[in-house]
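So the structure is just underneath, and the comments pick up after that.
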């Protein structure tokens, strides 16, 4: 039997190295696993955001169907005479409205243009309603001044109860028709329709 001597230090019992290495390796694997999970979650969130964004934004296409519609609308005869017994078509109303003219019976041409267009649209295939595939339509008549659009008449629009004009949940089509006023100003009639 050995006695303990103050001059001799305690014998250190070596710890098994295998356990220490196993713990370190397990920790590294856990950290790696957590990193992989975090990366997968981040990528999933990004893809989900892209998917939701692409579903909520509608496709916007220029439409030849609307081109035909606007060309036909421009040829519809109104009840505005200028001069007397010469009834103006909508295309002429657009130009004369820009020039702030009045009909022979002293009605303001812009008011006649607006009411005639509202009546045409209410009776068109683009009517909006609960039974209709159309969610909204928006008709603008404007000219451009230094790159900014200036309204000639107030926008004519109708929307279903489901959404506001501009927030299309389906497909969006549009067309712009150009008119030239008497002073060579370029006027535009833009018609936009959202449908499902």
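Is it the case, given these coordinates, that residue 28 is in a loop (DSSP other than H, G, I, E, B), over 30 Å from residue 134 (Cα atoms) and modelled with pLDDT of 60 or more?
So residue 28 does not fit the description; no.
Residues checked against (1) over 23 Å from residue 188 (Cβ atoms); (2) modelled with pLDDT of 90 or more:
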residue	(1), (2)
128	no, no
138	no, yes
148	no, no
152	no, yes
161	yes, no
166	no, no
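For every residue, the table says whether it meets (1) more than 22 Å from residue 73 (Cα to Cα); (2) buried (at least 19 other Cβ atoms within 10 Å of the Cβ).
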{"residue": "116", "(1), (2)": "no, yes"}
{"residue": "127", "(1), (2)": "no, no"}
{"residue": "131", "(1), (2)": "yes, no"}
{"residue": "136", "(1), (2)": "no, yes"}
{"residue": "148", "(1), (2)": "yes, no"}
{"residue": "152", "(1), (2)": "no, yes"}
{"residue": "160", "(1), (2)": "yes, no"}
{"residue": "172", "(1), (2)": "no, yes"}
{"residue": "187", "(1), (2)": "no, yes"}
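Would you check which residues across the stretch 72-94 are modelled with pLDDT under 90 and surrounded by 14 or more Cβ atoms within 10 Å (Cβ to Cβ) and list them?
Listed by number, the list holds a single entry, 82.
Only one of these conditions is not met by residue 141: (1) in contact with a strand residue (DSSP E or B) (Cβ under 9 Å, 6 or more places away or on another chain); (2) assigned to a helix (DSSP H, G or I). Which number is it?
Going through (1) in contact with a strand residue (DSSP E or B) (Cβ under 9 Å, 6 or more places away or on another chain); (2) assigned to a helix (DSSP H, G or I) one by one, residue 141 breaks only (2).
The values are calculated or read from the model by the stated rules, or taken from the named source; none is laboratory data. Values in this document were obtained by computation on a predicted structure and should not be read as measured data. Quick reminder, even Gly has a Cβ in these numbers, built from the backbone with ideal geometry, and neighbours come from all protein chains shown.
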